[in-house]
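The values are calculated or read from the model by the stated rules, or taken from the named source; none is laboratory data. Since this is a predicted model, take the numbers as computed values, not measurements. Glycine also receives a Cβ, built like all others from the backbone with ideal geometry; neighbour counts cover every protein chain displayed.
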Amino acid sequence: MKGRTFGYARVSTTDQHLDRQIEALTSYGVAERDIITDKFSGKDFNRQGYLALKDKMLRRGDVLVVKELDRLGRNYEQIKEEWQELQKMGVDIVIIDMPILNTAEKSDLEKSLIANIVFELLAYTAEKERQKIKLRQREGIDIALQKGIPFGRPKKAIPDNFFDECRKWLEGEQTAVITMKKTGLKKTTFYRMVNENMREISVKC
């Protein structure tokens, strides 16, 4: 039995517009009353509109239409899980801008092949985005370094009593633990400072 056709549209923020997606969905044939929308980030599927659509509206034999794959979500691992869940529910999926991914009126074998294409596509896209992010970060760091902007956590300043207390420690007057307490340094920072200033410590001690 043929079910209903629902549309889903999403933008990430309240100041963005859904008009372009809604127009594409209605042009495809989705009744405007059957279009569910969210103005929420696509980082996960914890969205009021989508959850209502999935949990209360979609039934076996229905079709879910979205304009673009990333309107469904942007977390690629979760999209894979969601795609699988919708298939188990017996819900077909139509991606208007990528007809090759449409599962409506396809055999089980074809749906399985489409799912494999989706997963490969998502893995490829995710890897490309990771590479793009790394490249942007590297470019940003290079530009900042050229401008003399320091990176990383700023080094903790050497305490005024550091060398005096180190002398007491090295001469056996007190333990390292007491020296750390007096200088207000944590173990890792203390030994890093000792290592970095060993020559000066040996002179002052």
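Scan (1) closer than 24 Å to Glu129 by Cα; (2) modelled with pLDDT under 90; (3) not small (Gly, Ala, Ser) for the single condition Ile95 breaks and write down its number.
All conditions are met except number (2).
Can you name the number of the only condition in (1) assigned to a helix (DSSP H, G or I); (2) at pLDDT 90 or above; (3) under 23 Å from Pro99 (Cα atoms); (4) basic (Lys, Arg) that Arg33 fails?
(3)
Please name all residue pairs, on different chains or six or more residues apart, with Cβ atoms under 7 Å, provided the first residue is in the stretch 183-205 and is farther than 13 Å from Phe162 by Cα and the second residue is surrounded by 12 or more Cβ atoms within 10 Å (Cβ to Cβ) and at pLDDT 85 or above.
Partner pairs satisfying both residue conditions: Lys187/Met180.
What is the number of the single condition among (1) over 21 Å from Leu101 (Cβ atoms); (2) touching a residue at least 12 places away in the same chain (Cβ under 8 Å) that Leu58 does not meet?
(1)
Taking the residues in the stretch 96-124 that are outside any helix (DSSP H, G or I) and hydroxyl-bearing (Ser, Thr, Tyr) as candidates, determine which candidate is farthest from Val66 (Cα to Cα).
Among those that are outside any helix (DSSP H, G or I) and hydroxyl-bearing (Ser, Thr, Tyr), it is Ser107.
Has the stretch 41-51 got any residue that is touching a Leu at 6+ places or on another chain (Cβ under 9 Å), polar (S, T, N, Q), surrounded by 13 or more Cβ atoms within 10 Å (Cβ to Cβ) and more than 22 Å from Glu120 (Cβ to Cβ)?
No, the stretch 41-51 contains no residue that is touching a Leu at 6+ places or on another chain (Cβ under 9 Å), polar (S, T, N, Q), surrounded by 13 or more Cβ atoms within 10 Å (Cβ to Cβ) and more than 22 Å from Glu120 (Cβ to Cβ).
Would you confirm whether any residue within the stretch 10-25 is buried (at least 21 other Cβ atoms within 10 Å of the Cβ) and in a helix (DSSP H, G or I)?
Scanning the stretch 10-25, I find at least one residue that is buried (at least 21 other Cβ atoms within 10 Å of the Cβ) and in a helix (DSSP H, G or I), so the answer is yes.
Name the residues in the stretch 1-24 that are farther than 19 Å from Asn102 by Cβ, touching a strand residue (DSSP E or B) at 6+ places or on another chain (Cβ under 9 Å) and aliphatic (A, V, I, L, M), would you?
Those that are farther than 19 Å from Asn102 by Cβ, touching a strand residue (DSSP E or B) at 6+ places or on another chain (Cβ under 9 Å) and aliphatic (A, V, I, L, M): Val11, Leu18, Ile22.
Just to verify a result, which residue in the stretch 175-197, among those that are exposed (fewer than 12 other Cβ atoms within 10 Å of the Cβ) and part of a helix (DSSP H, G or I), is farthest from the chain's Cα centre (by Cα)?
Taking the candidates together, the pick is Val177.
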